[in-house]
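The values are calculated or read from the model by the stated rules, or taken from the named source; none is laboratory data. Nothing here was measured: the structure is a model prediction, and the numbers come from that model. Backbone-built Cβ (ideal geometry, glycine too); neighbour counts: all protein chains shown.
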């Protein structure tokens, strides 16, 4: 189940609010001592998160499907697997139960680190707390919502800072003391079109600059992959196959559909490039 982006700000007794975490979505499938972790696009993740595998295997249940978010991934370390739903537990399909019943079932599992129960936000204006404490945002969920295997308006995400997954279609050469590369040229898919969304030059450290240059050099193309591109740079530019997905924070979209003040949050190994479209409220 996925949340729908909204610019609305509201509260009400029929809604609960949870901290929106900046990480990678993971589903855990447990059958006895066998545990399989998968990303949102069904890629196996056991090797990436062995501590999560062990913790889920140790839970005192016969079988379960757990839904949550792995946090701390952008910096290379992992701080926890924050669980917010349990669509299946001990032979029972819980998807038709209301959210609050599923939450209670999850809480009864006596989670211990690195497994955690995602934090509920009881503030009168939860998005204001998100701003104060530097969160990505909050998720609003209807108390009675069932678990739907699709994007739903029964779960709504309210972002403090705009964030968007984008695909790298090129990069510029570094200048001055910078190493690796200067800026990434990023875009998104709109049907069969690959649309240029702007240049991304901040949010890197030296290690990441060098790693990205090595990966991108192996994907070089002779011609731009962008099929819709206003203001595309042409000097000291290398074009690449659009395969690497990055997470980008930015202030807003400009009137000519470019990112304003973008910065890199991290590389998204869990995302397929063809899934990346422009996210609209």
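Within the set 142, 153, 129, the sole residue that is within 27 Å of residue 253 (Cα to Cα) and touching a residue at least 12 places away in the same chain (Cβ under 8 Å) turns out to be 153. Of all positions in the stretch 165-178, at least one carries a residue that is within 21 Å of residue 135 (Cβ to Cβ) and crowded, with 18+ Cβ neighbours inside 10 Å.
For first residues located in the stretch 52-74 and in contact (Cβ under 8 Å) with a residue 12 or more places away in the chain, partners that are surrounded by 19 or more Cβ atoms within 10 Å (Cβ to Cβ) and part of a loop (DSSP other than H, G, I, E, B) and lie 6+ apart or on another chain with Cβ distances below 6 Å form the pairs 55/114; 69/21; 71/21. Among the residues here, residue 241 does not qualify as at pLDDT below 95 and either surrounded by 13 or more Cβ atoms within 10 Å (Cβ to Cβ) or out of contact with any helix residue (DSSP H, G or I) (no Cβ under 9 Å at 6 or more places or on another chain) (or both).
Going by the structure shown, is residue 226 under 15 Å from residue 167 (Cβ atoms) and not in a loop (DSSP other than H, G, I, E, B)? No. When the stretch 79-101 is filtered for residues that are at pLDDT 95 or above and part of a strand (DSSP E or B), the ones remaining, listed by number, are 81, 82, 83, 84, 85, 86, 87, 88, 89, 92, 93. Return yes when residue 55 is modelled with pLDDT of 95 or more, in a helix (DSSP H, G or I) and touching a strand residue (DSSP E or B) at 6+ places or on another chain (Cβ under 7 Å) and no when it is not. Criteria met by residue 55.
Looking only at the stretch 172-192, residues that are more than 16 Å from residue 231 (Cβ to Cβ) and assigned to a strand (DSSP E or B) come to 2 in all.
In the stretch 249-261, the count of residues that are closer than 20 Å to residue 69 by Cβ and either modelled with pLDDT of 90 or more or surrounded by 13 or more Cβ atoms within 10 Å (Cβ to Cβ) (or both) is one or more. The residues of the stretch 128-149 that are out of contact with any helix residue (DSSP H, G or I) (no Cβ under 9 Å at 6 or more places or on another chain), at pLDDT below 95 and in a loop (DSSP other than H, G, I, E, B), listed by number, are 134, 149. Within the stretch 202-220, is even one residue farther than 19 Å from residue 178 by Cα, within 19 Å of the chain's Cα centre (by Cα) and not in a helix (DSSP H, G or I)? Checking the stretch 202-220: not a single residue is farther than 19 Å from residue 178 by Cα, within 19 Å of the chain's Cα centre (by Cα) and not in a helix (DSSP H, G or I). Filter the stretch 262-277 down to the residues that are within 14 Å of the chain's Cα centre (by Cα), farther than 17 Å from residue 216 by Cβ, at pLDDT below 95 and assigned to a loop (DSSP other than H, G, I, E, B) and list them by number. Passing the criteria: 270, 272.
A single member of 9, 40 is closer than 30 Å to residue 125 by Cα and within 20 Å of the chain's Cα centre (by Cα), and it is 40. Does residue 187 satisfy the condition of being crowded, with 20+ Cβ neighbours inside 10 Å and modelled with pLDDT of 90 or more? Answer is yes for this residue.
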